[in-house]
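Working notes, structure below.
The values are calculated or read from the model by the stated rules, or taken from the named source; none is laboratory data. Please read all numbers here as calculations on a predicted model, not as lab measurements. Virtual Cβ from ideal backbone geometry, glycine too; neighbours counted across all protein chains shown.
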Amino acid sequence: MDKAFYVCTICPLSCEVQLEIEPDTKEIRKISHNRCPKGKDYAIKEFTSPERTLTTTVAIEGGIHPLIPVRTDRPIPKPLMHDIMRVSAQVRVKSPIKMGDIVVENVLDTGANIIASRNM
Amino acid sequence: MKTIKTDIAVIGGGPAGLAAALAAKEQGAALVTILERNEELGGILQQCIHHGFGLHRYSQELTGPEYAQRFIDEVETSDIDVHLETMVLEITQDRVVYAMNAKDGMMRIEAGAVVLGMGCRERTRGALRIPGHRPAGVLTAGAAQRFVNIDGYIPGKEAVILGSGDIGLIMARRFTLEGAQVNAVVEIMPYAAGLTRNVVQCLDDFGIPLKLRSTVVHIHGQERLEGVTIAEVDDSWNPVAGTEQYVPCDTLLLSVGLIPENELSLQAGVEMDAVTGGPLVDHRMMTTVAGVFACGNVLHVHDVVDYVSEEAEVAGSAASAWLQSEKTQVPDVTVKAGEGVRYVLPQSIDSRGEAKLFLRVTQPQENVVLDIGGLFQLKQRVVRPSEMIQVKLSRKILEKLDSNAITISVAQEVKAVG
Amino acid sequence: MQNRHFDVAVIGGGIVGTAVVRELSRYTLRSVLIEKEAEVGWGTTKANSGIVHAGFHDKPGTNKAKYCVPGNALYPALCQELDVNFRQNGIFMVARTDEEAELLHTYLEQGRENGVPGIRLVNAEEAVALEPNLTKDTKAALDAPSGGVVAPFELATALMENAEDNGAELLTETRVEDIAWDGTSFTIQTNRGSVTASHIINAAGLFADRIAAMVDDTSFSIVPRKGEEYLMDKAMGDIVERTIFPVPTGWTKGVLVIPTVDGNLMIGPTGETIERRDDMATTAEGFAQVYQNVKTLVEGIDPSKVIAPFAGIRAASDRGDFVIEPSSVCPAMIHAAGMESPGLTAAPAIALDVVRMLQDQVALTKKPDFRPRRRPVVRFHQLSREEQAGLIEQDARYGRIVCRCETVTEAEVIDAVKRGGRTIDGIKFRVRAGAGRCQGGFCMPLVMKILSRELGIPMQEVSKRGGETYQLKAAAKQFLTVEEAVQ
């Protein structure tokens, strides 16, 4: 049986939740070391399809700074973080931009938009 | 020299200053002036482009700029007077503020009350006295953050980060996302200084090693940094011979602590707390100088901005109330840090009202109780030095107090739970 | 620079080289200073303790004794002419035991013989009354009121700037690789071509023996000796008024407590003979040694107030004394070498004597239009509020503070660039932007932007101190797009 460990970030207790996994089927056989049910859900999500909100910057013309901070408007699959960073490296916007304005729509078909996170 | 009269002069337009100014206005101050040294409001939040702000206050995860924008929008629609690119040079005991900028020149600002919100600065290599050479490529994590997120430059391609404070962890992720490599995060303590979620999402996500009980013992490179020697430390934080390891890198980021910036406060005659590095304050966030209030990281270093806003609102509205009637309740009870508690703020409170205490413990522990001056006990499943604890003291509880001091301490829970 | 001819080439832009070239610029000579670093004052000078010694330490008859007291005497007027901060704060040599108190008499006699003005012994009571933070062990002190403090880098840059104002030339990032003497002139090969010169002043500091060897003069060699110093926050600056010396126990002057001219406190130096001439690393042992020593002199020094540790290397000679003489092999080369304490103090007097030695070989004519004064420097933080207000009205760039710890304005940084500042450290040492308690954490990006704009170079080419000391490797996301291009 394979084992995987995930430190739950939901509350300050930071349980190190342990998953026991069937090596061939990748099925979860046992979940332990979580002190509440949230830890179980967290670990399952982290094992099956971890997601993260990505924050970065894109180039802006005519702004107070050369870059404007942006983020995905919903979490995106964790393995796509680097690819979305490369997308952001190619983006150039023009001031004025409002917080919440969409900078890239449906980035890499994730269903998430990249939006500005401030006015500039 | 221009003379300006104002009711409340707020020093700093970061999260503390913004919230304090708005609260002062809300409480009825007619003239509120924010003096901000940067070219825009928002302070350090503008370079903290990552998310995780506002969980307590708004129950959502905002980025630093988003959190700031909410306050900035409110300030902009109010009649608060904002001076940008303005440096405060001096604050006197009788609340005269000397500030300057290119547009208005030198200003003598006569303020009814002053709210200090200057924030903090980062501890430097020099303060740590890290041995070795002095090449380029050694900088504080915050300076690197500004270069990467605001100015648009990345200091290096291969980094080591000393200190696992939140900025260090956040910068480990930022460097990695920007296409650089982080070879290690080195922490002298046996546990990470930053929040667990940052350890998970900034280090574990990218396979960046966290080396605990270790430190940088030598910096190599005549011109640009070439590498660092790291070593394990013993219980008194001295490097253990034979554990040295050379790690190549062109950049060393330091995330080794923040220091409240109180040079102006000291000039004004404000008394300091040796532990927090910030002013001694009462329940109104008033310092030992009448009419001078303090909030945010200038008072003590926070882990979560939400608490900065909350504390600043107390300071701002109290400043306004004090100005309207100098007879606001004066403190009659001292608050002390006891066993297991590093510090408690405010250092004095008014027993005739209610109070909110902010405290930090000395070490991580599970299943403990916080003893609040014998008045009551609070069970805590886990306490960590990195996570500030808030304790509310209701009027009813304070009525029971029959002493002029309260000591807060951490004790092991008698009956273990869970 | 190819094939240009100079009457005199000064090799090395430390305090001695710059003092010499400034002295030469009084005469109708084509003179040049050749410096391997990006700016002058970058070597031993920068890492100096900054003490203008009184001159009681040096054995009569040595070159050190010969030049120290006259050098000291030149300081007040020189610093005034060049608008360089100088403070005659005085020196105390403190005895902590009866044996040491006995030794003070020797130094008193030596000081008198060397002509140190105003030198006297003070008893413990008076010593502690004058310096209340001296430890309770204080038995007596030697008081030398002529001692002072100066910022050595500032002085070197001021000397160079004034020399340039008077027609001298400066070649930076120019490393001398070989020298040939054809009987009438030298051909100096550098990494950037060659120049010829009728005379050379060898002020090459740590490398002075190598310069001498290029003309087959091996009459001395340099014995590098490292010194670690620890600069402390201004909050410690008032702990003593005078520079506090112990009674020497070995061959160095010991570990000192120095109130710097800029208002900081500095403790150090150590003294360790080293192999490599580039070993400027600070060490944990060095700090321990410094702190253990100063604790026995002055109470209340808080080690947590260190803001900048650094180390420098003294370019001492194997003769144990300064080497100030025409080369015995090739007299058209005059050595001004073997500098160690009190080299900074002695430098102005050495410069005068080197020019006198040159006059023995060639007739020199004074320039009628020599301008001894440097264009005054505005030090915003030293002015009154009214004066500051007036400056901002004249020039809005005084209204923008770049360095908040030291209150340095944009106008001052721009002026420093105009005066030759090319690097982050160059700006720091000229106007103190980045020299304060945050050590540039806040102002470095701003200083870099000003350097980039004023010099017309990209941010990535702004360096800490020349060479490969760049702070920024790339534009944000450049690593991502490069990676993509590779794929």
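General observations
Quick grid of which residues meet (1) in contact with a strand residue (DSSP E or B) (Cβ under 9 Å, 6 or more places away or on another chain); (2) touching a residue at least 40 places away in the same chain (Cβ under 8 Å); (3) part of a helix (DSSP H, G or I):
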| position | (1), (2), (3) |
| --- | --- |
| C:M93 | yes, yes, no |
| C:E99 | no, no, yes |
| C:T106 | no, no, yes |
| C:V122 | yes, no, no |
| C:E126 | yes, no, yes |
| C:P132 | no, no, no |
| C:A141 | yes, yes, no |
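- Residues that are facing another protein chain (nearest Cβ under 7 Å), in contact (Cβ under 8 Å) with a residue 40 or more places away in the chain and either assigned to a helix (DSSP H, G or I) or not small (G, A, S) (or both), drawn from segment B:140-158: B:T140, B:G142, B:R146, B:N149, B:I150, B:P155, B:K157
- Among the residues of segment B:105-139, just one is more than 7 Å from chain C (Cβ to nearest Cβ), at pLDDT below 95 and within 19 Å of the chain's Cα centre (by Cα), namely B:R123.
- Selection count, segment C:173-230, where residues are in the same structural domain as C:F287 (by TED's automatic domain parsing) and in contact with a His (Cβ under 6 Å, 6 or more places away or on another chain): 0
- Just one of the listed residues (B:G291, B:G269, B:G296) is at pLDDT 95 or above, on the phi > 0 side of the Ramachandran plot, out of contact with any helix residue (DSSP H, G or I) (no Cβ under 8 Å at 6 or more places or on another chain) and not aliphatic (A, V, I, L, M), and it is B:G269.
- Flag if C:R404 is closer than 26 Å to C:V261 by Cα, over 24 Å from the mean Cα position of the chain (by Cα) and either surrounded by fewer than 22 Cβ atoms within 10 Å (Cβ to Cβ) or at pLDDT below 95 (or both): yes
- C:V255 meets all of the listed conditions (1) under 20 Å from C:G147 (Cβ atoms); (2) without any contact (Cβ under 8 Å) to a residue 60 or more places away in the chain; (3) surrounded by fewer than 17 Cβ atoms within 10 Å (Cβ to Cβ); (4) not charged (D, E, K, R) but one, namely (3).
- When C:T249, C:T282 are checked against the criterion of being more than 17 Å from the chain's Cα centre (by Cα) and farther than 22 Å from B:R129 by Cα, a single residue qualifies: C:T249.
- Close pairs from segment B:48-70: first within 16 Å of B:V308 (Cβ to Cβ) and more than 10 Å from chain A (Cβ to nearest Cβ), partner in a loop (DSSP other than H, G, I, E, B) and among the charged types (D, E, K, R), Cβ under 7 Å, at least 6 apart: B:G54/B:E61; B:L55/B:E61
This table checks each residue for (1) buried (at least 19 other Cβ atoms within 10 Å of the Cβ); (2) of a type in the set (F, W, Y); (3) touching a Ser or Thr at 6+ places or on another chain (Cβ under 8 Å).
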{"residue": "B:S78", "(1), (2), (3)": "no, no, no"}
{"residue": "B:D81", "(1), (2), (3)": "no, no, yes"}
{"residue": "B:T86", "(1), (2), (3)": "yes, no, no"}
{"residue": "B:D94", "(1), (2), (3)": "no, no, no"}
{"residue": "B:V97", "(1), (2), (3)": "yes, no, no"}
{"residue": "B:C120", "(1), (2), (3)": "yes, no, no"}
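- B:A102 surrounded by fewer than 22 Cβ atoms within 10 Å (Cβ to Cβ), touching a Lys or Arg at 6+ places or on another chain (Cβ under 6 Å), at the interface with chain C (Cβ under 7 Å from one of its Cβ atoms) and more than 20 Å from C:R437 (Cβ to Cβ): yes
- Residues in segment C:38-47 that are crowded, with 23+ Cβ neighbours inside 10 Å and under 17 Å from C:R422 (Cα atoms): C:E39, C:V40, C:G41, C:W42, C:G43.
- Residues of segment C:68-102 satisfying the condition of being surrounded by fewer than 17 Cβ atoms within 10 Å (Cβ to Cβ) and farther than 30 Å from C:N162 by Cα: C:T97, C:D98, C:E99, C:E102
- Of everything in segment B:377-397 that is modelled with pLDDT under 90 and farther than 18 Å from B:Y343 by Cβ, the residue that is surrounded by the fewest Cβ atoms within 10 Å (Cβ to Cβ) is B:R381.
- Segment C:48-64, residues that are part of a helix (DSSP H, G or I) and surrounded by 24 or more Cβ atoms within 10 Å (Cβ to Cβ): C:K64
- Under the condition of being of a type in the set (A, V, I, L, M) and surrounded by fewer than 20 Cβ atoms within 10 Å (Cβ to Cβ), the residues counted in segment C:265-280 number 1.
For (1) in a loop (DSSP other than H, G, I, E, B); (2) within 23 Å of B:M388 (Cα to Cα); (3) within 14 Å of chain C (Cβ to nearest Cβ), each residue gets a yes or a no:
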site	(1), (2), (3)
B:L169	no, yes, no
B:A172	no, no, no
B:T176	no, no, yes
B:G179	yes, no, yes
B:V182	no, no, yes
B:Y191	yes, yes, no
B:N198	no, yes, no
B:Q201	no, yes, no
B:D205	no, no, no
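- Complete set of residues in segment A:58-79 that are within 12 Å of chain B (Cβ to nearest Cβ) and among the hydrophobic types (A, V, I, L, M, F, W, C): A:V58, A:A59, A:I60, A:I64, A:L67, A:I68, A:V70
- Unmet requirement for C:R465, which otherwise passes all of (1) facing another protein chain (nearest Cβ under 10 Å); (2) under 22 Å from C:H381 (Cβ atoms); (3) basic (K, R): (2)
- Tallying residues that are in contact (Cβ under 8 Å) with a residue 24 or more places away in the chain, over 18 Å from C:G441 (Cβ atoms) and β-branched (V, I, T) within segment C:381-413 yields 1.
- Matching residues, segment B:217-248, being touching a Leu at 6+ places or on another chain (Cβ under 8 Å) and either within 12 Å of chain C (Cβ to nearest Cβ) or without any contact (Cβ under 8 Å) to a residue 60 or more places away in the chain (or both): B:I219, B:L225
- Here B:G353 fits the description: touching a helix residue (DSSP H, G or I) at 6+ places or on another chain (Cβ under 7 Å), in contact (Cβ under 8 Å) with a residue 60 or more places away in the chain and surrounded by 15 or more Cβ atoms within 10 Å (Cβ to Cβ).
- Within segment B:34-47, restricting attention to residues that are over 17 Å from the mean Cα position of the chain (by Cα) and within 9 Å of chain A (Cβ to nearest Cβ), the residue that is surrounded by the most Cβ atoms within 10 Å (Cβ to Cβ) is B:E40.
- Filtered by the rule that a residue be touching a residue at least 60 places away in the same chain (Cβ under 8 Å) and either under 20 Å from B:I259 (Cβ atoms) or not basic (K, R) (or both), segment C:426-458 gives C:G426, C:F429, C:R432, C:A435, C:G436, C:R437, C:Q439.
- C:L297, sole failed condition from (1) surrounded by 14 or more Cβ atoms within 10 Å (Cβ to Cβ); (2) more than 29 Å from C:G205 (Cβ to Cβ); (3) touching an Asp or Glu at 6+ places or on another chain (Cβ under 7 Å): (3)
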